[in-house]
Every structure is written in C-alpha cells, then in structure tokens.
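Here is the structure we will look at, set down as structure tokens.
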C-alpha cells in the first residue's frame, strides 16, 4: 500500500527554474516520489560517455548506490529502459525474463522497478529518473508511471535551468579571465576639487571595459565577485591605476576603489611597496558591511602608518556605510550621489548632508561630495562646508594625458 503522497502543489515549487539549490530540490522530489510509490531507492542518473553517474540518491535505509557513484551504462536497467529493451514499469521483475537475465536483479536485489528518461529542452537524453524496491510491488500502475513521467519532465526543466546558469557562469569566468590576462580594465581619472580654493587636488581612478556588447564596470566587478574572481579583477585594476602615480603631478592624490574583501586578503601591501603612500586614498566600494572590522583595522594599520588614507563611499545611502564609518573611522567620507543630487532644492537631503558634515568636522574626517551636476548643487555644498567635490559639473572622467593637461592648467569647469 502506498504511503500518504506529497501533494503536487508541495512538489512543484521544489522544481522551480529559480530554485537556488538544484541538487537539494531534486533530492526532495526523489524522496517524495519514492515514498509515494512505496519503493526503497530512488535516484537520478546522468549518462556520461559510457557510464551512468548517480548524482542524487534517496533511500529508505540501506542502498547499493550513493551520490557520486558510477557504473557502466550497459549494466543495470537505465539504458535498457531508454532504448526500449525493458518496460518503464515493472511491478514484479520475476515475471519478466529480460529483467531476470540481469545480474543486478538478484544481487541487489530488485523486485520492482520504475524508470523514465529525463529529456532536456534540446531533445537530448540527460539520463533517467528511477525508483526500485527490493521486493515486488503489484500496486504500481500506469497512473504511477504517468506521475513519474510528469516529474521527470519537471526535473528536466530544473536541470536545463541549472545547466544554463552553469554555462552563463562559465561565460563570465572566461570573459573576466581574458580581461585579466590582457592587463585588466583601462583607467580613467575623475578630478576632485578642494572647495575652499577651487584647487584640483586629486583623482578617483575608475575602471572602463571595452568589450562588445558594452557592460558597465559595476556589472563586471559584481560578476567577478560572484564567480570567485572579484579580488583578482580588483587587484588588476588597482595595479593599473597605481602605474599612473609616477606620471601624474606630485600634488595630486589617487583615490582607488577597493572592497573590504580585497583588503582582508592582505594583498594590497605588496602593490604599495615603493610608492608614495601618502598620495593614496583607499575607497571602500561595498554597500555591504565588512564582516570583520577588527581584522580589517589590523590590516589597514600599517598602511595608514605609511600615510594611506581611507575613504568610505556612499555615506547616507544606508546602514552598512554608516557602520563602516563608525568602525573604520575614515579620513574621508563621501556623500552619496543620492544626497548631493537636488540638495539645493530638497530640505531633507540638505538636512542629512548638514548632519554628516558636522559629524565629519567633530570626528576629524573631511567630506567629499560626489555626483555634483549643477552649479546650484555646488553652491549649496560649499555653503554647508563640504571640503571637496567631484562630478560632471566640475569634470567628467578623462584619460591620463588629459588629466595631466588639466592639472597643469587648472581652469575651473563651470
């Protein structure tokens, strides 16, 4: 007799194309189907060359196979079911000579068996979705087979989505690794101005990627982090940016974007050997809160002792940036573009910016306003006491040569 089945509505969400863990979702469905059928073992096998590989296995207790095991494709039931040499539904293997001819039928033993192909979107056979019992099970019927075929189709959907994600991940890995092998992104420089005397004092180093189709730098670095290449790409960009230090006028500093994860890797110190550390500002780029502030501070300590300054990005954009400000005690606090935009017309933005500027004054930090796009925004920020500013109203990012020319002829960009 069949045990209480899981309902279709309970099983379908497990096979959503958006399931975050394909293996877990399929294992849960295997168990539900196995219990519903009253069988002892259920598994999904992939056909790989001349073998079948058992990726997911669920069993009542003892099982002759485990996840990761493999067996020759011509052994057992799977291939024979797919090519029609064995039926998909076998309530009693003793009643079927073709099943009794297989060694596995007696050695495992297999008393009842149900197996259906898993067919992918492109029409290819991935493998099989199987259940078997150690004893015959005469209660198995065509409706059970139809149910299993339906779930096999849903498993195929899940596998198709998983393989599509894997292919997309591999494309990202290849794109990012190729960029790193070719020297990484090109660097452009956005001028930073000191507002008390309108002086050009520094540049923020920004990455640019020249690929088709065009992908924004934010997407490049996000993709790199998601596939485990975030630090490698960041370090490549930082190294490229630092190479401009010798060429730029000595009175300009470089603001270099980095994530807490890259700092925690402790690989920055080597890049800073032999350079003028006092001309470097490390700018935290992540909105997420750094997980280990104590370790972060320990790694930053020798860099700061050499003169490296720390900047926290996106102040006012959320809780995480404020946590970083309180924990790291930065030298520079960057007002988020969401605060600077329309600050001249929005009393709320004006009030928040004023509070942050006062906070910076009392804690010994200075305020840099980013994203300044109008003269009236700049006027409001100057009146509030912001120390520095950058943005398209002042200057767009530019090449190294144009940056040098601008530094030598520091006309104000109105």
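The values are calculated or read from the model by the stated rules, or taken from the named source; none is laboratory data. Since this is a predicted model, take the numbers as computed values, not measurements. Positions of Cβ are backbone-derived with ideal geometry, glycine not excepted, and every protein chain shown enters the neighbour counts.
Check 157, 130 and return the single one that is surrounded by 13 or more Cβ atoms within 10 Å (Cβ to Cβ), assigned to a helix (DSSP H, G or I) and in contact with a helix residue (DSSP H, G or I) (Cβ under 7 Å, 6 or more places away or on another chain).
Step by step, each of 157, 130 is checked, and only 157 is surrounded by 13 or more Cβ atoms within 10 Å (Cβ to Cβ), assigned to a helix (DSSP H, G or I) and in contact with a helix residue (DSSP H, G or I) (Cβ under 7 Å, 6 or more places away or on another chain).
Say whether the condition of being crowded, with 18+ Cβ neighbours inside 10 Å, touching a strand residue (DSSP E or B) at 6+ places or on another chain (Cβ under 8 Å) and at pLDDT below 90 is met by at least one residue in segment 301-309.
no
Only one of (1) in contact with a strand residue (DSSP E or B) (Cβ under 6 Å, 6 or more places away or on another chain); (2) modelled with pLDDT of 95 or more fails for residue 109. Which number is that?
All conditions are met except number (1).
Provide a single number: the residues in segment 280-291 that are modelled with pLDDT under 90 and either under 18 Å from residue 238 (Cβ atoms) or touching a helix residue (DSSP H, G or I) at 6+ places or on another chain (Cβ under 7 Å) (or both).
Number of matching residues: 7.
So residue 84 clears everything in (1) part of a loop (DSSP other than H, G, I, E, B); (2) under 24 Å from residue 36 (Cβ atoms); (3) free of Cβ contacts under 8 Å to residues at least 40 places away in the same chain except one condition, right? Which one?
(2)
Quick check on this structure: which one of 36, 55 is modelled with pLDDT under 95, in a strand (DSSP E or B) and surrounded by 16 or more Cβ atoms within 10 Å (Cβ to Cβ)?
55
Check 321, 380 and return the single one that is surrounded by 15 or more Cβ atoms within 10 Å (Cβ to Cβ) and either at pLDDT 95 or above or assigned to a loop (DSSP other than H, G, I, E, B) (or both).
Unique residue meeting the criteria: 380.
For segment 96-115, state whether one or more residues are outside any loop (DSSP other than H, G, I, E, B), under 40 Å from the mean Cα position of the chain (by Cα) and under 23 Å from residue 154 (Cβ atoms).
Among the residues of segment 96-115, at least one is outside any loop (DSSP other than H, G, I, E, B), under 40 Å from the mean Cα position of the chain (by Cα) and under 23 Å from residue 154 (Cβ atoms), which makes the answer yes.
Is it the case, given these coordinates, that residue 92 is under 23 Å from residue 23 (Cα atoms) and in contact with a strand residue (DSSP E or B) (Cβ under 7 Å, 6 or more places away or on another chain)?
So residue 92 fails the test.
Among the residues of segment 263-276, are any within 24 Å of the chain's Cα centre (by Cα), assigned by TED's automatic domain parsing to the domain that holds residue 399, within 24 Å of residue 371 (Cβ to Cβ) and part of a loop (DSSP other than H, G, I, E, B)?
No, there is no match, as no residue in segment 263-276 is within 24 Å of the chain's Cα centre (by Cα), assigned by TED's automatic domain parsing to the domain that holds residue 399, within 24 Å of residue 371 (Cβ to Cβ) and part of a loop (DSSP other than H, G, I, E, B).
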